[in-house]
Structures are given as C-alpha cells and as structure tokens.
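Below: the structure, in structure tokens.
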Amino acid sequence: MDSAIWTEKYRPSTFEEIKGQKEIVEKVKAFVASKNLPHLLFSGPAGVGKTTLSLVIAKQLFGEHWKENTLELNASDERGIDVVRVKVKDFARTKAIGEVPFKLIYLDECDALTKEAQQALRRTMENYTKTARFILSCNYSSKILDPIQSRCAVFRFKPLSKEEIFTVIENIAKQEGGEINQALSAEVKDALHTVSEGDVRRVTNILQSCFTVKKEGEHLEAKDIYSMASAARPKEVQEILQRAFSGKFVESRKLLLDTMLNYGMSGVDVLKQIQKEIWNLQIDDRKKVELVDKCGEIEFRMVEGSDEYLQLESFLAFIALVGKK
Ligand SMILES: Nc1ncnc2c1ncn2[C@@H]1O[C@H](COP(=O)(O)OP(=O)(O)O)[C@@H](O)[C@H]1O
Ligand SMILES: [Mg+2]
C-alpha cells in the first residue's frame, strides 16, 4: 500500500464523483455551465463535501488556471478579519486569468468569525463583487449574519446516507484492490457506516487506519472498526442499558467499565453512544425522554470537569431507578 492519505487521494475532482448532495450539485453545475456564479454559502457538518465541491467549482470554471484564480482561506486560522481583508485585497486586485471575469475566494469556517469580523467581511464582499466571488463555508448558517446570507445562494449539506457511505468505501476498496477489496464484509461495512455518522472524511480515515495497523493475512472485523473509532459496538451498549434498566446495576457497571477499557473510550464518547442507543430500547417513550434528558445533564457535568466514572455510575443508577418505576 502506498503512503498517500486516502482523503486526498480519493477526493472527487468532478461533479459526478461527489456522492449525495444531489440538488446542490445540480444547481452549482448549472451556475458553472453559465460561467457565472453568485456568492455561495455552504453550511453543514464536517466531511460531507463543502470544500470538495468548492474545489470542483474552481477546477471546472478555470480549467488549467484554477490555482492562480482561487484563494483558499480558513477564517479561524487567519489572525483576525484584517488578515483576511489584506489577503483578499491583494488577490482580487488583479484580473482573473482566462475567460471567466472573476476570481474565486473560498473562506472556510466562517462561523468562527465574530459579528464585527462578519460585518467587515460583508463590506469586503461588496467591494470586490466585480472581480471576485466568495464561497463561504460554515457548520451552522444561523451563526452567519443575515446581510451576508442574503447576499449568497445558501446551500445546506447533509450527512451522507448509508448507501452513499457504502458507495464511497466500495469505490476506495475497488481502487486499492487486493486484500482491502476482499475485507469489506457486510458486517464491516455496517460498522463503518455506524461510526461514520455520515462523515466521509471520518469513515475514510478509519478505514485507512485499520489497514495500516492490520497485519497481512489478518481478518478485518467489525470490532476492529469500532475499536479504531473508539466506539463500542451498539450491541454492547444495548446490553449495558438493558441490564441497568432491569435493575442489574453491578453487572451493568462491570460491562460498562470493560467496554470503556476495551475500546479506550472517554466518558463523553460512551455517553454519546448511550444517548443514541436509548432510542432503540424497548421501553416506554416517556421513560426514553427522561433518560435522554438526564444524559444532557450528565454530559454537562463531565464537560465541566466532574469525574467521568462517577458520573456514568450515577447515570446507570438513575436508569435502574427509572426501570423500577
Ligand atoms: N459528498 C462526498 N462524496 C465523495 N467524497 C466526499 C464527499 N464529501 C466528502 N468527501 C471526502 O471526504 C473528505 C473531506 O471532504 P471535505 O469536502 O473536505 O469536507 P467538508 O464538508 O468538511 O469541507 C474528502 O477527502 C472528500 O474526498
Ligand atoms: Mg472543509
């Protein structure tokens, strides 16, 4: 296996290679075909194609000149909006190379900008409308000022579906070939989808890490995927919950400890999985709500620095009490 990082090696460079985000890709494709583009705002979770689509736009618009005509900045890296402003000014001052009359500026993590910085950004966008188009990317569009949003075509990216995640990993396996292609059993693919949470970057990194540490001839199993992702198998979490719920507190606590040690999970990791699995328990809906509510409280205490084991234990005790009611 070569040493290339798969997230870069398999990053799509055409619209067709982008999985999911169908409507967004269609609309953006139409803009690019017309050689004109409004400012764009891409919002959504990590690893779903925001940066990738921006790069595809640049490549399709500018062809061989895409690098000279594209400026990529990370709002949270650049020290303050002034740095952004100076860089944008330097870049947008000269004409675009080629037939497209504007340059492209990709500004990542815009929700990290303060209100004041966003106001400055808005003015910058206005000043260079003739010579530059902005693509702003963020996790939450609600954190972006209205006057910026109203100047942009807003696109909301979604986590990829199970089928889409499968397509991505099958494609990687096919191209890598050999052992990797054979290792993707249905069970392993399911595990990869579960730990991905729809995030392609995450699933790609986990898959590559598994193959980097795996010895030749060794079988890849679902438990290896969970272990690499520092996640417990959903079945184990279910068992912990069921035991607590039926009053087997000591057993439940032991299983919890074993699971955490096995997979090297933090308290917050465990709690997040527990919260997901509560919805799959065969119990009254009102009790589910009660448990999920408690999860929120426990997470808050953990983040504030309270002892993780102690908090988890008290949560199991709480589950046992709810089970008795
Ligand atoms: N929709 C997608 N289809 C195919 N690959 C994707 C998709 N979204 C993300 N990826 C892959 O995941 C990695 C991260 O994607 P990126 O576009 O940088 O995510 P972000 O939304 O955080 O900007 C890239 O290597 C890219 O190849
Ligand atoms: Mg990105």
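Values for this structure:
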{"item": "Choice from E197, E16, E164 with maximal GNM fluctuation in the chain (Cα, 10 Å cutoff)", "result": "E16"}
{"item": "Helix axis angle, 234-245 relative to the chain longest principal axis, alpha carbon, degrees", "result": "50"}
{"item": "Net charge, R301 excluded, C-beta distance under 11 Å - Lys, Arg +1, Asp, Glu -1", "result": "-4"}
{"item": "Added length on full extension, which subtracts the Cα-Cα distance from 0.36 nm per residue, D285 to K67", "result": "73.1 nm"}
{"item": "Cα→Cβ-extended label distance, 7 Å offset, between F300 and K324, nm", "result": "2.5"}
{"item": "Under 16 Å from K9, Cα to Cα: aspartates and glutamates that are on another chain or at least 8 residues apart", "result": "E17, E170, E176"}
{"item": "GNM result for the chain, Cα springs below 10 Å: residue of E297, E17, E221 fluctuating most strongly", "result": "E297"}
{"item": "Acute angle (nearest 10 degrees) that the helix 80-92 long axis makes with the longest principal axis of the chain, alpha-carbon atoms", "result": "40"}
{"item": "The chain - mean residue ellipticity at 222 nm from DSSP helices (-39,500 (n - 2.57) per run, n ≥ 4, rounded to 500)", "result": "-17500 deg cm²/dmol"}
{"item": "Label-to-label distance, nm, for residues given as N181 and K214 (7 Å Cα→Cβ offset)", "result": "1.4"}
{"item": "Length released on extending from A112 to I5, taking residue separation times 0.36 nm less the Cα-Cα span", "result": "35.8 nm"}
{"item": "Efficiency of FRET from Cβ geometry, D258 and E26, R₀ 45 Å, rounded to 0.05", "result": "0.40"}
{"item": "Cα-Cα over 23 Å, subset of K272/K325; K189/K223; K22/K288; K235/K287", "result": "K272/K325; K22/K288"}
{"item": "Inter-centroid distance (Cα atoms) of segment 13-58 relative to segment 279-295, Å", "result": "39"}
{"item": "The chain, relative contact order [Cα under 8 Å, separation at least 6], %", "result": "16"}
{"item": "The chain: angle of helix 22-33 to the longest principal axis, Cα-based, in degrees nearest 10", "result": "10"}
{"item": "Most to least packed among 240-251, 256-267 [average Cβ atoms within 10 Å]", "result": "240-251, 256-267"}
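Throughout, read-outs are computed from the coordinates displayed, never taken from laboratory work. If you're wondering where the values come from, they're calculated on a predicted model, not measured in any experiment. Using ideal geometry, Cβ is built from the backbone for each residue, glycine included, and neighbour counts are taken over all protein chains shown.
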